[in-house]
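The values are calculated or read from the model by the stated rules, or taken from the named source; none is laboratory data. If you're wondering where the values come from, they're calculated on a predicted model, not measured in any experiment. Here the Cβ positions follow ideal geometry from the backbone for every residue, glycine too, while neighbour counts run over all protein chains shown.
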Amino acid sequence: MTWVLYTDLDMDLLRAFVTVVDAGGFTAAGTRLGRTQAAMSIRIKRLEDVLGRQVFDRSSRSPLLTPDGELLLSYARQILKLNDETVQRFSEPDSEGELRLGVAEYFVPQHLPVVLSRFTQTYPRVHIQVKVGLNDSLFESLERGELDVVICRTEKPRRGGRVVRRERLLWTAAPDFRSDAASPLPLCMLPPPCVFRSRALAGLESIGRPWRVLYTCESVMGVIAAARAGLGVAVLPESAVTGGLLPLPPEEGYPELGEIELAIFGESQERKRLTSTLVRFIEESLRPLELPRRAG
């Protein structure tokens, strides 16, 4: 019989590595994990010793991944995700019930279906009904008692929501989109009232750039489809920028649009256990959305 010796990776070291990448530095990562910058450096060095590979380029002031580090990051995220889901599943074995969830159409559309699918696998006794729509429609359903909780954009007239995510608004267009600064900028937009629309038009007015709304649709996905087809520019939250669209840089004359806040509404005491479990799962799943920078 041939015995194979395996090296076990330390979860603490993997978590330190991923946190340095997500936080953008050793000091910021240490703050998140309650460790000093020196302690984080020691953990990364121990991880590199175990692997026999260098994961960060030490010649840069900011932590840039080496090719080996980029490869490790993919594995590390999968290992930590499985570890955290296992611990979470057994620490809350009695999570069960039904939850009618309303979600804004622009809330991480590429990622949310996968996250919810994983949630139902982790918590098979929690049954979720999901309704996707725009803010006003979701609030009306919540007020009629057709939904238990809603995750959507916060608005000043409505208070009481718990903020779960902040995102930048971006100007986006198809890769081959071209616009003459002297001609009206063609826009693909949701109908008013819409904060994406109002901020975009106010921004263009502030710099004196002419514009025209070429395409209006009540669906965010319809606006995305029109922009991908090259009809014009669309203003979207950063997580809604799908394949076939690129952010347009400020240096090309597009004003900053600020951030939006996404919050959860309708949390009640009797459903707080279910909603907090779901929201925490979503938050943890979406945390590593930013792409890491690679050395070289």
Flag if D22 is free of Cβ contacts under 8 Å to residues at least 60 places away in the same chain, among the acidic types (D, E) and assigned to a helix (DSSP H, G or I): no
Strands (runs of 3 or more DSSP E) contained in the stretch 154-233 and holding at least 3 residues closer than 19 Å to L138 by Cα and of a type outside the set (S, T, N, Q): 162-173
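Mind checking which residues of the stretch 99-153 are of a type in the set (A, V, I, L, M, F, W, C), part of a loop (DSSP other than H, G, I, E, B) and under 17 Å from R280 (Cβ atoms)? Even if it seems obvious, please write down each step before you answer.
Restricting attention to the stretch 99-153, the residues satisfying the condition of being of a type in the set (A, V, I, L, M, F, W, C) are 99, 101, 103-104, 107-108, 112, 114-116, 119, 126, 128, 130, 132, 134, 138-139, 142, 147, 149-152.
Within this subset, residues satisfying the condition of being part of a loop (DSSP other than H, G, I, E, B) are 107-108, 134, 147.
The answer is F107, V108.
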In the stretch 204-229, the residues that are surrounded by 15 or more Cβ atoms within 10 Å (Cβ to Cβ) and farther than 23 Å from L134 by Cα: L204, R209, W211
Residues satisfying the stated conditions in the stretch 234-253, i.e. in contact with a Lys or Arg (Cβ under 6 Å, 6 or more places away or on another chain) and in a helix (DSSP H, G or I): E238
The stretch 26-45, subset of a type in the set (G, A, S) and part of a helix (DSSP H, G or I), residue surrounded by the fewest Cβ atoms within 10 Å (Cβ to Cβ): A38
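Counting only residues that are in a helix (DSSP H, G or I) and without any contact (Cβ under 8 Å) to a residue 24 or more places away in the chain, which one in the stretch 52-75 is surrounded by the fewest Cβ atoms within 10 Å (Cβ to Cβ)? Show your work before the answer.
Filtering the stretch 52-75 down to residues in a helix (DSSP H, G or I) leaves 67-75.
Going one step further and asking which of them are without any contact (Cβ under 8 Å) to a residue 24 or more places away in the chain, we end up with 68, 71, 74-75.
On the way: D68: 16, L71: 13, S74: 9, Y75: 11.
Filtering the stretch 52-75 for residues that are in a helix (DSSP H, G or I) and without any contact (Cβ under 8 Å) to a residue 24 or more places away in the chain, the one surrounded by the fewest Cβ atoms within 10 Å (Cβ to Cβ) comes out as S74.
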Test: residue in the stretch 158-172 that is surrounded by fewer than 20 Cβ atoms within 10 Å (Cβ to Cβ), in contact with a Ser or Thr (Cβ under 9 Å, 6 or more places away or on another chain) and within 30 Å of Q78 (Cα to Cα): yes
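Would you mind stating whether D22 is within 16 Å of A76 (Cα to Cα) and exposed (fewer than 13 other Cβ atoms within 10 Å of the Cβ)? First the steps, then the outcome.
Values: within 16 Å of A76 (Cα to Cα): yes; exposed (fewer than 13 other Cβ atoms within 10 Å of the Cβ): no.
No: the conditions fail for D22.
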Residue in the stretch 265-285 that is in contact with a Cys (Cβ under 8 Å, 6 or more places away or on another chain), modelled with pLDDT under 85 and either in a helix (DSSP H, G or I) or under 27 Å from V21 (Cα atoms) (or both) present: no
